[in-house]
1. For the chain, calculate the relative contact order in percent as a whole number, restricting contacts to Cα pairs under 8 Å that are 6 or more residues apart.
2. Assuming 0.36 nm per residue, please report the length gained on full extension of the stretch Lys368 to Glu106 beyond their Cα-Cα distance.
3. Using a Förster distance of 22 Å, how high is the FRET efficiency between Lys75 and Lys292, based on the Cβ-Cβ distance and rounded to 0.05?
4. Which of the listed residues, Thr55, Gln203, His564, is farthest toward the dipole's positive end in the chain, when Lys, Arg count +1 and Asp, Glu count -1 at the beta-carbon?
5. Taking θ = phi - 60°, what integer Hz values does the Karplus form 6.51 cos²θ - 1.76 cosθ + 1.60 yield along the range 301-313, in sequence order, with x for Gly and Pro?
6. If I model a spin label as a point 7 Å beyond the Cα along the Cα-Cβ vector, how far apart are those points for Ser549 and Ser123 in nm?
7. Nearest 5 percent is fine: what portion of the DSSP beta bridges confined to the chain is antiparallel?
8. Total Lys pairs in the range 356-530 closer than 22 Å by alpha-carbon, pairs eight or more apart in sequence or interchain only?
Amino acid sequence: MAGRNVSALRSTTGRLAAYRPTCLVNRAYATVSDTQAYDAEYDVVVVGSGAGGLTAALTATLTGKKKVLVVEKTKYYGGTTAYSGGALWLPMNHVSLATGVKDSREQAEKYVRNYMKDGYDESSKRLLDAYLTAGPDMTKLLEESSSTTFVAAPTPDYYTNIDGAAMAGRTVLNAPYDGRRLGSVLKLIRYPLQGYCAFGSLQVDLLALNSWRQPFRSWSNFSAVTGGVMRYMKDRMFWGKGTVLCNGNGLVGRLIESAQRSGIQLWNNASAIEPILDNSRVAGLVVTRNGKQLRIRAKDGVILASGGFARSSELSRKYLPYYDYTVSPRGNVGDGMRFGIASGGSLPAPLGEDAALWSPISVLRSPKGPTRSYPHFSTAITKPGSIMVDSDGKRFVNEAASYQDLGAATHKAGVRVSYLVGDKTHLRSYGMGMALPGGYPIKHLIRRGYLVTAPTISDLASRLGIDPANLTATVDRFNGFARKGKDDDFGRGDGSFDIAYGDPENKPNPSLAPIEKGPFYAVTLYSGNGITMYGLSTNEDGQVLTQSSEPVPGLYAVGADSNHFLRGKYPSGGLTLGPSMVFGYRAGLHVAK
């Protein structure tokens, strides 16, 4: 199904040309004095249906706006959120505090300040203050007034050695959601990434992942897995896809249900083409829907939440140091950035190395159908029993570092293509990208060249085109480190992130285990990103700012359409989705006033 394409590969062949917005530079824009009347009128129009846009729409509706429209460029709702783990970094949230977690606003601010060091200035403080104030309020509003249900995640901040860090309680996830509640709209929720689900659309809650990785370890694991598979088989028969929505997909489902119940209009296959300006104010926008251009009035404001520009070759080459691979949805081609600039908005100084959320990406190519891709964040790449090597068969990085650190170190080493190498034990216990753990089928991945396998490390090297002596020596050296529990080359397993996202049952180090039990496996990795974090300049209420730092009347930007409030720094999980929703909430409140 073409709409299910989650391909990360952008090529120079122009395959995405159909998804590029009309150029908004150096052209005359629609104005309210044009003779053509409006085709529709709303209080607020939101561009994009990810969690940030949906939160903004819901907040505006719940606080007084009666007519709200969400326009989604693609067929599917959910944006990048639907691909994500659904984590939000929300210090002092009531869900975690109810479990007995101790935290304070002062400690959270201290952690960010100590992490950012010289980068923490007055602007950072102002935005962080707004974030810490609104985060708990947003959580309560959505739980009390919508279908959203948050769950405390037992995960620490990434750098627990920094003063102010928390060992748990600042990150929340989402409870699994019964997609049958959406009726026919269920089929329009963006499918999760392959590798984040099994058999096409069987989703698993991140908090239950260990049960699915080891289905035969206990009776409770076996019961949970078999019950889930049986439910999925019935769902496929009656619904055409799995109806248990988890993680970011579940969050989207909950927000879409709430939007429907609140009377918010949802348009898919609807592209925001250009702003309609009343002098310097954004009075509305032109939308293309089903091949027809419509002039939409937005009486109180337009909120941009279109997901950034990761799939725009032009903008990625301009603002990202490494841009060839991304898992961002194909519609994320910078519509919000172009719209904002055309309306009088501005961009801050480029972020360079911090302009995206980095991740190694593996690609499953097919002679028929779409190319699919998988971001190797912390779900398996940090687990013991695997390493990353370059084309010479040598390690170059601490593979278990946080993904921003891993990306920066990979870029510094000049490595664009690498290989994830593991053994049978690692694959069966934790998986390798789209090759799922627990004995799930992998022959189709081997047949299509995604997963390379061989009986020995030397043979594996030959099949990868790597010097067998180099790879053998690298694995032997690493195995020595793993057995003693100390990586003398790159310090894998020494950091708090390494330990937290390793396997606590693996001794003596949660992140280190020898690669020794054949057959051996490898997956090719490309330096890529999950989402961009460079965008329009905005204030603490999401208002788009001009070059002189004045708000553009009637225009807001949240999520990847706005510049990341920590300028791309990433000290804890949930700092892309969290800001999207928190500043979406603040924008919704402000436009409602």
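Just so it is clear, none of the values below were taken in a lab; they were calculated from the coordinates. Because the structure is a prediction, the values reported are computed rather than measured. When we count neighbours, we look across all protein chains shown, and the Cβ atoms used for this are built from the backbone with ideal geometry, even at glycine.
1. Reported relative contact order: 22 percent.
2. On the way: separation 262, 0.36 × 262 = 94.32 nm, distance 5.44 nm.
Result for the pair: 88.9 nm of gain on full extension.
3. 0.85
4. Gln203
5. x, 10, 10, 8, 8, 8, x, x, 10, 4, 9, 9, 4
6. 0.8
7. Working: 53 of 76 bridges.
Expressed as a percentage, antiparallel bridges in the chain total about 70.
8. 22
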